[in-house]
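Below are the C-alpha cells for one structure; questions will follow.
Bear in mind these aren't lab numbers, they're just calculated from the coordinates by the rules spelled out. Note that the structure is a prediction, hence the values are computed from the model and not measured. Here the Cβ positions follow ideal geometry from the backbone for every residue, glycine too, while neighbour counts run over all protein chains shown.
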Amino acid sequence: MMAAAAPQFDGKAFAAGLSTAPGVYRMYAADGSLLYVGKAGALKRRVASYFNNTPKSPRTLAMLAQVARMEVTVTRTEAEALLLENQLIKSLSPRYNVMLRDDKSYPYVLLTQETWPRLAFHRGPRSVPGRYFGPYPSAGAVRETLNLMHKLFRLRSCEDSVFRNRSRPCLQYQIGRCSGPCVGLVPQEEYAEAVRRAAMFLDGRSDELGQELAAAMEAAAQRLEFEEAARLRDLLASLRGMQARQYVDGHAANLDAIACAMEGSHACVLLLAFRDGRNLGTRAFFPRTNGEDSAGEVLAAFVSQYYAEQVPPPEIILDQPIPDAAMIEMALSEAAGRKVALKTSVRGERAGYLDLARRNAQMALATELASRSAQQARVEALRELLGLAEPPARIECFDISHTLGEATVASCVVFDAAGPVRNQYRRYNITGIQPGDDYAAMRQAIERRFRRALEAGAEGANAVLPDVLLIDGGAGQLAQAREALADLGVEGVLLVGVSKGEQRRPGDETLVLPDGRELHPGAASPALQFIQQVRDEAHRFAITGHRAKRQKARTSSRLEDIPGIGPRRRAALLRHFGGLAGLKAAGEEEIARVEGINAALAARIYANLHGLEPPPGPTDPQDR
C-alpha cells in the first residue's frame, strides 16, 4: 500500500502570519534536513518574496520544491540577525547556503597585557590577555607590520620564559629593535609610553601620534633635554616618512576592496586590505557555493559571514552590487559601533584597488581550478592503482612521531577529492605503552579513532569511515591497524601501508596491501604523488604536535610534581631564586630560607631537582 504524499508547504500562509521584525528563517525538507538559513530585516516581507510570482533562479526553485516546513527566530536588531545567521550556517551546514570555507585562523598582532608588554605575532584562540589588532590577510602582512613596529617603538618580542631569565641584552637590543627591558635598560614609565604610542599607531591614529610626538619633541628641547628631543625627532621622521609613502588622495586609506570571480559554480572572493594607508596584502577565499551561480549572492554571503567575526573597516568597496546591501551595512555599523559604508561605485585610487582585486581573483580562481583538475587526476590514478570501483571520497592517513619514545603523538589527517579537510584532522596523545613501540602506538591510535566512529552513530565527522586508510609504515604497522579494525568489527575500509625505500628517497616507496601484495608505482606515478602528499601532511601534523608536547614538558616546572608545593610556595621559590635554574643551583640550607619552606620540604625539593631518592618522612601537602 502506497503512503500518502506529504501535503505541500503553504509558504504564503506561513509568511502572512509573520511579523515585520528582523530575524532569521530556516527552511527544512521533509526528512528534517536543513535546506537554507537566511536573515531578514523584516521577516514577513522577506519570506513572502520566496512564494510570490516573480521569476526565480533554477537553484531557488529546486530548493523551494523541497521545503516541507519553515522556522523563524525573531531578533532585536539586524546586527543580531546577521550574527545568528552566521552561527547557524557554520554549525548546521545547510544544503543550499553559500558557505565561507577557511581552514586557517586569521593572524593578528598581539600586544600583551603585563608589566612589560610584548608585541608579537598571534594566530589561534585569543586566550592570552592583551589587545589583538587585525585580522590581517596574511602572515606576511603581520610580520611586515611587526618589523616596522619594533623599529619604531623598540618593544620586546621575546617569550616570557626568555625575558625572565636574561642576564644581558640580546641581539634585538644590539640592532636597535628592543629597548632592553629584560635587564632594566629602560625605565618602566618610558616603556609604558612606547606601548601606548604603539597602540595608537596600530589603531590607525598615526596623524594624532605625529602631532603628539612633535609637541613632545618641542617640550624636550625647551627643557634642554636634547638627547630626548633628538630621539623623538628621529621617531617622528620615521613616522612621517612612512606616511608620505602611504597617503592616498590627501588622506590615509582605511578600507577593504573585495572582488568575486566565478566560473560555473566555482567562486573565488579576493580581499585587498588597507589599514591607515598600509597595504596589508591580499587573501583569496574559495567559498562552497552549493549551486549558486550569481557572483552578487556569493559576495553578499561572504560579506555577511566574514564580517560577522571580524571587525569591519569604515569603508568596504565591492566590485558589484549585492542583495540586501542596506541591511548588511546597517547590521555591520551597529555591530562595529560606528558607520560602515558598502560602496560599489568608486573612482580614482579606489577604482584601481577594485581592478587589482578583480584581476587577482580571476587569477586565483584559474590557479585553483587547475589545481583541482590535477587533484582529481591524481585521485583517479589512485583508484586505478588500487583497483577500486569508484574514486575514494575520503582518505585518512595515520603517522606516529616521538623522540626516543618521549612525548609520543599520533596524527590522523583527512583528504577528500578536493584536497585536505583540515577541520577534521585529529591528534592522539599516546599513553600506557612501552616507549618507542610504534606498533602499539599505531594500534592505540586506530582503536581510539574508530571506536569513536562506532560510538558516534550517524552524526559528526568521527562517524564517517574512510574509503582508503593509509598507514605510514610497513607490514608491521599495517598488521596492527588490520587487527585493530577487525577487533572493532569495522569493514569496508581499504588499508594501505606506505613503506619508505631502502634509501628513503621520495618515489621509492612501496605500497603494502593487506593481502601481502606490494606495489612499486615509481616517482612518476600521479597516484604515488598523491599518497606522498597525504603521508607528508600526516607527518607534518604529527611532528608539530610532538614538538609542542615535548616543549611543554621541557618548560613545565618540576616543582609541580613535589608533594607539598602548591602555587603559592612555587611562586615564592621561583621569585626568590629568579627562576628554576637558580633554584636548582641552590643548596638545601638556602632553599629552607624561603618563607614557608621548612628543612624537610627543602630536602625533598633538592632531591627531586637532582634526581635523588627523597628523604623519608611525612609529606606536608599544606600550601601556606
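Per 0.36 nm of contour for each residue apart, how much would the distance between Arg505 and Ala48 grow if the chain were fully extended, relative to their Cα-Cα spacing?
158.2 nm
Give me D for segment 140-206 in µm² s⁻¹, whole number, from Stokes-Einstein with Rh from the Kirkwood sum over alpha-carbon pairs, 20 °C and 1.002 mPa s.
Taking Rh from Cα pairs, D becomes 171 µm²/s.
A further question follows. Along its principal axes, what span do the Cα atoms of segment 20-145 show, with the longest given first and each in whole Å?
The Cα atoms of segment 20-145 stretch 63, 29, 27 Å along the principal axes, largest first.
Over all directions, what mean area does the Cα convex hull of segment 395-548 project, stated in square nanometres?
9.2
Also, I was wondering about something else. What does the net charge come to around Gly432 if you take all other residues with beta carbon closer than 13 Å to its beta carbon, with K and R at +1 and D and E at -1? Don't skip to the end; give the middle numbers.
Values: positive: Arg443, Arg448; negative: Asp437, Glu447.
Result for the neighbourhood of Gly432: 0.
Report the calculated FRET efficiency for His610 and Ala215 (r = Cβ-Cβ distance, R0 = 60 Å), to the nearest 0.05.
My answer for the efficiency is 0.55.
Could you calculate, for segment 322-418, the ratio of the Cα radius of gyration to the Kirkwood radius, expressed as Rg to Rh? Don't skip to the answer; put the middle values down first.
Details: Rg = 23.5 Å, Rh = 19.0 Å.
Value, to two decimals: 1.24.
Starting from a Cα-only point model with no solvent, please compute log10 I(q)/I(0) by Debye for segment 195-239 at q = 0.29 1/Å.
-0.99
Using the Kirkwood radius over C-alpha pairs as Rh, can you work out the diffusion coefficient of segment 254-366 via Stokes-Einstein at 10 °C, viscosity 1.306 mPa s, in µm² per second?
Roughly 113 µm²/s, to the nearest whole number.
Can I ask one more? Only helical DSSP H runs with n ≥ 4 go in: add -39500 (n - 2.57) per run for the chain, normalise by residue count and round the 222 nm mean residue ellipticity to 500 deg cm²/dmol.
On the way: 20 runs with 271 residues, N = 624.
After summing the helix terms and dividing by residue count, I get -14000 deg cm²/dmol.
What is the pair-distance distribution P(r) of segment 107-249, computed from all Cα-Cα distances in 5 Å bins starting at 0, with each bin given as a whole percent?
2, 9, 18, 22, 21, 15, 9, 4, 1, 0
Assuming a ≥ b ≥ c are the square roots of the Cα gyration tensor eigenvalues, decide whether segment 11-92 counts as rounded (a/c under 1.5), prolate (otherwise, with a/b larger than b/c) or oblate.
oblate
Scan the chain and report its longest stretch carrying no GluC sites (Glu not before Pro) that are both in a DSSP loop and have at most 12 other Cβ atoms within 10 Å. Could you put the intermediate results ahead of the total?
Working: sites that count: Glu114, Glu159, Glu459, Glu491, Glu502, Glu595.
The longest uninterrupted stretch comes out as 160-458.
In whole Å, what is the distance between the alpha-carbon centres of segment 7-55 and segment 477-494?
48
For Leu171 and Glu144, compute 0.36 nm times the residue count separating them, minus their Cα-Cα distance, and round to one decimal in nm.
7.8 nm
Could you state the number of Å between the C-alpha centres of segment 170-239 and segment 498-523?
Answer, in whole Å: 60.
Tell me the Rg and the Dmax, in Å, that the Cα atoms of the chain produce.
Rg then Dmax for the chain, in Å: 30.3, 102.
So how strong a dipole does segment 427-530 carry about its Cα centre when Lys and Arg Cβ are +1 and Asp and Glu Cβ are -1, to the nearest 20 debye? It would help to have the intermediate numbers written out before the result.
Numbers: 11 positive and 15 negative charges, 52 e Å.
Approximately 260 debye in magnitude.
Counting other beta carbons within 10 Å of each Cβ, put Asp467, Asp10, Asp487 in order, fewest first.
Asp10, Asp487, Asp467
What do you get for trypsin sites (Lys or Arg not before Pro) in segment 311-387 restricted to DSSP loop and a cutoff of at most 15 other Cβ within 10 Å of the site's Cβ?
Details: sites: Arg338, Lys339, Lys343, Arg347, Arg350, Arg358, Arg359, Arg372, Arg378, Arg383; in loops: Arg338, Lys339, Arg347.
Filter output for segment 311-387: Arg338, Lys339, Arg347.
Give me the tail of P(r) for segment 76-176 as a percent: Cα-Cα pairs with distance above 17 Å.
Here the long-distance tail beyond 17 Å is 65 percent of all Cα pairs in segment 76-176.
In 5 Å bins starting at 0, how do the alpha-carbon pair distances of segment 558-609 split up by percent?
In whole percents, the pair-distance histogram is 4, 24, 40, 29, 2.
Provide Rg over Rh for segment 376-469; use the alpha carbon set for both Rg and the Kirkwood Rh (inverse mean inverse pair distance).
On the way: Rg = 14.9 Å, Rh = 14.5 Å.
Here Rg/Rh amounts to 1.03.
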